[in-house]
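Structure first, commentary second.
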Amino acid sequence: MSFELLTLPDGYWTDRALVIAPYVDPRFMKELVKRLKPRRLCLVVDDGVRLEDIEKFKRSCKPHVELEVRLARATALVHIKAFYFEFVRENPRRRKRQLLFGSANATAAAFSGNRNAELIADADLSIQNDEELAGYFEQVFSAF
């Protein structure tokens, strides 16, 4: 695993980023913001998350990032780990979608490559071929 998975495509900027993970740490979130510079960042975490970590990240978040946090509740731990990004280019106007998913939480331990052994899949999504999946993430965004 590596933070290199968080890469902005050439000529694009990050319109929206969605992170769904039971665990999150401020170091990972700072690195995500530094690398992708999202206009809007939505974070869904388990309701057992350390609230001081969320507050620390909120304080350190750059002023240009619209940050929204939701606590998810389930009978047990919210276990999905998904990182969904929408990138935009102006001339010509295009939108790219990327989905990272697997075992990695939104933590530096998962992405730094020197502590945890993680598996993650990286998929570029297209509206023509991946309409259902993109629709799912659109529904999650609409909950914010």
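The values are calculated or read from the model by the stated rules, or taken from the named source; none is laboratory data. Every value quoted in this text rests on a predicted model; they were computed, and no experiment measured them. Counting neighbours? That spans all protein chains shown, and the Cβs are built from the backbone with ideal geometry, glycine included.
A few points about this structure:
- Where VAL69 falls short, out of the listed (1) free of Cβ contacts under 8 Å to residues at least 40 places away in the same chain; (2) part of a loop (DSSP other than H, G, I, E, B): (2)
- Test for VAL19: is it out of contact with any His (no Cβ under 7 Å at 6 or more places or on another chain), crowded, with 16+ Cβ neighbours inside 10 Å and farther than 16 Å from PHE137 by Cα: no
- Meets criteria (at pLDDT below 85 and under 13 Å from the mean Cα position of the chain (by Cα)) for LEU67: yes
- Take the conditions (1) assigned to a loop (DSSP other than H, G, I, E, B); (2) modelled with pLDDT of 90 or more; GLY48 misses just one of them, which is (2).
- Of all residues in segment 102-144, those that are free of Cβ contacts under 8 Å to residues at least 60 places away in the same chain and not aliphatic (A, V, I, L, M) total 16.
- If you go through segment 32-61 and keep only what is surrounded by 13 or more Cβ atoms within 10 Å (Cβ to Cβ) and either among the basic types (Lys, Arg) or without any contact (Cβ under 8 Å) to a residue 12 or more places away in the chain (or both), you end up with ARG35, LYS37, ARG39, ARG40, ARG50, LYS56, LYS58.
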